[in-house]
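Here's the structure, in structure tokens; my notes come after.
The values are calculated or read from the model by the stated rules, or taken from the named source; none is laboratory data. As the structure is a prediction and not an experimental result, all values here were calculated from the model. FYI the Cβ positions are ideal-geometry reconstructions off the backbone, even for glycines, and counts take in every protein chain you see.
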Amino acid sequence: MKKFKIILSILIFSISNVVLSLSPESYSLSKRFGISSFKPKLFNFNPNDHQSTSSSPLNNNFNAINNDEAITKNNNNNNDNSEHIINQLSEMPPSPMRFPPKLPFPKWLTDFTGLKEWPDLNPPYIPLDFINFNKIEDLPIHKQSQCSNPILRSPIACSFDCFNCVEFDDIYTCPKISQTFDDGPSPHTKKLLNALKQKNTKTTLFTLGVNIIRFPEIYKESLAEGHIMGSHTWSHKFLPSLTNQEIIAQIEWSIWAMNATGNHLPKWFRPPYGGIDNRIRSILRQFGMQAVLWDFDTFDWKMLDNSNLRNEKDIYKDVLDFKNLKQSKGIILEHDAILRTVDVGIEILNNILGDHEQLTIPKCVGGIDYIKTFDNP
Ligand SMILES: [Zn+2]
């Protein structure tokens, strides 16, 4: 059965690729948000105070990998200092280095890729016959916050990370203000799931391949609770800085991790750091997927910054202000890889948004939950 899964995946991708650009869903999206044509749209655009890209606790996560090495070194020299680092680490998301993959590598993926185990943070590019490189927009590669190239300022590139530009098929708001969570699954996701269950609220979780294979049971539990699982790439790279092949690798491996765990192909995709432009969109569309951005960023990861620029109270105040300003519409960006940001999410759920009804992304836009769901093997 499994071997048909990958073939079916490819078929579905190819079909959705053909259908996507003119699908009724895209039209209804445009209608719903009053985007009358396919022109890119800049929203919330203020170059003077624009915080160019959202980050995430994953920055700290990958620093934590380096900190693991630092601890080993420090253990040899200075125990007090290493304890301090360990205390700091307890606030950090689980480092992939310290949690080996738990999910078996499926046979259908071995048959397709010739590999026998899940890749590291730099997944190999595996060619897919439904990807047409001629359809990939030719735009310059850029690093995070490096937005000086004039083309990045233009609608041709429509960069969200540089200038909050959104395209006709990007999702960036919702008729009912709704939370979304990135960077999981993590052991802390469970606490969030319990809180959501008590509130009878479904949410959207944008998951990382490297975390899915380490915490597959949390992924399965999230799915079983009725939450919508979206892709957040394989290992949280800033996509505009990657080659086309590297971008495809980040997307395909994330889909395979989701398929191997949840028996489905995702429809909704959140680019790490909001890093998306028309080159990345032209790849994403060939997978039949759509980008989900946001119109409110909690910047919850800034709480973890030692400079203490932001704390819980700042976030609650900002969410409340946004809710009032936007008349209870919008998509809120949060993270579920760290206990402290999960606690913030629960407080927003229970006390800031209170009895307000939230929607999942497909419910926000009247779209499908997944491109395809397979029967359990
Ligand atoms: Zn993220």
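A few points about this structure:
- Selection status of LEU139, closer than 30 Å to THR261 by Cα and among the hydrophobic types (A, V, I, L, M, F, W, C): no
- Residue within segment 309-329 that is within 16 Å of the ligand (Cβ to nearest atom) and at pLDDT below 95 present: no
- When segment 240-261 is filtered for residues that are surrounded by fewer than 24 Cβ atoms within 10 Å (Cβ to Cβ) and either within 21 Å of GLU334 (Cβ to Cβ) or not assigned by TED's automatic domain parsing to the domain that holds PHE299 (or both), only MET258 remains.
- Matching residues in segment 130-161 - criterion: being modelled with pLDDT of 95 or more, out of contact with any strand residue (DSSP E or B) (no Cβ under 9 Å at 6 or more places or on another chain), part of a helix (DSSP H, G or I) and not basic (Lys, Arg): PHE133, ASN134, ASP161
- Of the criteria (1) surrounded by fewer than 23 Cβ atoms within 10 Å (Cβ to Cβ); (2) under 16 Å from the mean Cα position of the chain (by Cα), which one ASP300 fails: (1)
- Put simply, of ASP343, ASP321 the only residue that is more than 19 Å from LEU205 (Cβ to Cβ) and either assigned to a helix (DSSP H, G or I) or not assigned by TED's automatic domain parsing to the domain that holds PRO175 (or both) is ASP321.
- Considering GLN198, GLN245, GLN250, the condition of being closer than 15 Å to ILE280 by Cβ, assigned to a helix (DSSP H, G or I) and away from the ligand (no atom under 16 Å from the Cβ) is satisfied by GLN245 alone.
- Hits in segment 216-242 (condition: within 16 Å of the ligand (Cβ to nearest atom) and not in a helix (DSSP H, G or I)): MET229, GLY230, SER231, HIS232, THR233, TRP234, SER235, HIS236, LYS237, PHE238, LEU242
- Summed over segment 267-290, residues that are within 15 Å of the ligand (Cβ to nearest atom) and over 14 Å from SER241 (Cβ atoms) total 3.
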